[in-house]
Amino acid sequence: MKKAVIIGGGIAGMTAGIFLQKAGFKTEIYEKNVLPGGQCTGWKREGYFIDNCIHWLTGTRPGSALHELWKEIGALGDDVELYEKEMFFSSKLDGQILTFWRDKERTRKEMLELSPEDAEEINKLMKYVFMAETMTVPVDKPFDAMNPIDLIKLGMSMKEMGKVMKEYGNMDINELAMRFKHPLIRRAIIDYMPRGYQAYAFLVSYGTVTGGNGDIPKGGSLAMSVRIAERFKEYGGVLHTNTGVKNILLNGKKAEGILLENGNKVEADYVICACDTYYTFHKLLPEKYMPDGLKKMYADRDKYPVSSGFQIAYAVDGIFTELTGTRVFSCDEMKVGNQSVQCMSIQSYDYEADFAPAGKMILQTNFSQTETDYKYWESIYTDKTVYEKKKAEIADQALQRVVKEYPFLEGKIHVIDVWSPMTYTRYCNSYKGAYMSFVTTKQAKSITVPGVVKELDNVLLASQWLMGPGGLPTAAAMGKFAAWRIMKKESERGKKIYVKRCGNSGCFRIFEAKR
């Protein structure tokens, strides 16, 4: 039985492990943290649960290949309830409020009432949001392994999305906002997406919700990660948590296994790096092995930036429907990282009763942070006293602004946790504290990196960093693709084995041929 070791127990690593276990491989995952899931996680503070990841999960609508993939790895299933998001977010400016509802016709009417002079652009936006609902993440096989027929099928399935790209693919989020005359519409669009994102990202994100393809699995991020981990173990996989990997052991053009931080060696026929790719090629492997596509993106920090966040969690004594959903509002100017901000958001998790004690709720704020901000946090992180003091100072200022916006919270809200971009670097070895992949700007060409290391025969990559903008669907797809490559390689070894397709899942099972 062939053995594969997987470095990283996030969504990509566990997905790869599940498909390999189903195919008859012996698979072990090595995760440096106590819990599986990587950034798809959460934690408790003062009896409240803080969800770190899922604002919506792309692929919750039945009928797509991505939905079937989530079901296959245990993320979704008949016994997993879904919370249907009623709203994408709302934005407030000078006393006026605009909400992007799940019901896009309701949004259209609200926008037209707010700004009749923007009717043409409003109707055009909603028309293309409808088209963007068809956007899907191809998960059957790696792009570089697709034949002409596969590519034609993919093109046909993405026909409507092609029209979206033609209309909005050459503008950034700021240029999209400037198509509108009303300041609140402009502000809503600019404030929601991190700086540098292309305009189509807004339409795809909103279309995911309006199309019923972006709901939230009950239990949130950590519960989903635990379900996937349990599925991996049910298939016979071994999950080692709290076990860091020092490097990959090489012998010529092959990896012999891995060296753990505790000094133990683990032999393997295949090694899958399911972690941050910058960490992979600066810690686990020499940088010379980094694929050219990754080198290009890491080298050009202007065209392929990354974003992170400074985040705050608040405990609220009471349940207030006025706070449901995600709400963006103007606030007194304050400095977060290296930038001055004049607006902020709060997101309510009241849809999960178990996230807070009875009669209470939890709110979270996320200030988008750039690479320049990351340098600021990195510079003060060396002095933990200064670092903690600055986090507390910003959190206190943010709390004051939340109470000013919602006076009924006076005396009923307090901060329970604060985390910065450095938290993601510490916990997940994340490049510049990013929690998603590269932001492909309009000046840059989108690059999808094959999950192979050309100079090493048996080392694979499975990471959201291989395809922008990253996120959970990309992580799951890349995990499946890494397993697919290994199974394909084994199927080509000769007559000693043969491979049988497992139904319509796109996976294979390895069988020993009878002599």
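Working note: Cα atoms of region 308-433, range along each principal axis, descending, whole Å: 40, 31, 24. By DSSP, the beta bridges lying fully in the chain are antiparallel in about 75 percent of cases. Relative to the longest principal axis of the Cα atoms of the chain, helix 104-114 runs at roughly 30 degrees. Among the trypsin sites (Lys or Arg not before Pro) in region 415-484, those located in a DSSP loop and surrounded by at most 14 other Cβ atoms within 10 Å of their own Cβ are Lys445, Lys454.
Centre-to-centre, using Cα atoms only, region 331-404 and region 1-78 are separated by 28 Å. If the chain linking Lys246 and Asp396 were pulled fully straight, counting 0.36 nm for each residue of separation and taking away their Cα-Cα distance, it would gain 50.1 nm. Remark: C-alpha extents of the chain on the principal axes read 78, 54, 45 Å, sorted largest to smallest. Seen against the Cα atoms of the chain and their longest principal axis, helix 183-192 is set at about 30 degrees.
Under 1.5 on a/c is rounded, so check that first for region 18-60, then, if it is not, pick prolate when a/b is larger than b/c and oblate when it is not; a ≥ b ≥ c are the square roots of the alpha carbon gyration tensor eigenvalues. It comes out oblate by the Cα gyration axes. By the rule of a C-alpha distance below 21 Å, with chain neighbours fewer than 8 residues away ignored, the lysines paired with Lys384 are Lys335, Lys375, Lys432.
The Cα-based radius of gyration of region 252-325, divided by its Kirkwood radius, gives an Rg/Rh of 1.23. In degrees, nearest 10, range 0 to 90: what is the angle between the Cα axis of helix 371-381 and the longest Cα principal axis of the chain? Compared with the principal axis, the helix lies near 80 degrees. Charge dipole of the chain (Cα centre as origin; +1 on each Lys and Arg Cβ, -1 on each Asp and Glu Cβ, all else neutral): 2180 debye, rounded to the nearest 20. Counting only DSSP H runs of at least 4 residues, each contributing -39500 (n - 2.57), and dividing by the residue count of the chain, the helix-based mean residue ellipticity at 222 nm comes to -10500 deg cm²/dmol. What number in nm² do you get for region 51-190 if you take the convex hull of its Cα atoms and divide its surface by four? Computing the convex hull of the Cα atoms and averaging its projections yields 11.0 nm². Qualifying trypsin sites (Lys or Arg not before Pro) in region 108-190, where qualification requires a DSSP coil assignment and no more than 16 other C-beta atoms within 10 Å, comprise Lys181.
A short reminder: the numbers here are calculations on the coordinates, not readings from a lab. Just so we're clear, the structure is a prediction, and the values are computed from it rather than from any experiment. A quick note on method: Cβ atoms are made from the backbone with ideal geometry, for glycine too, and the neighbour counts reach across all protein chains shown.
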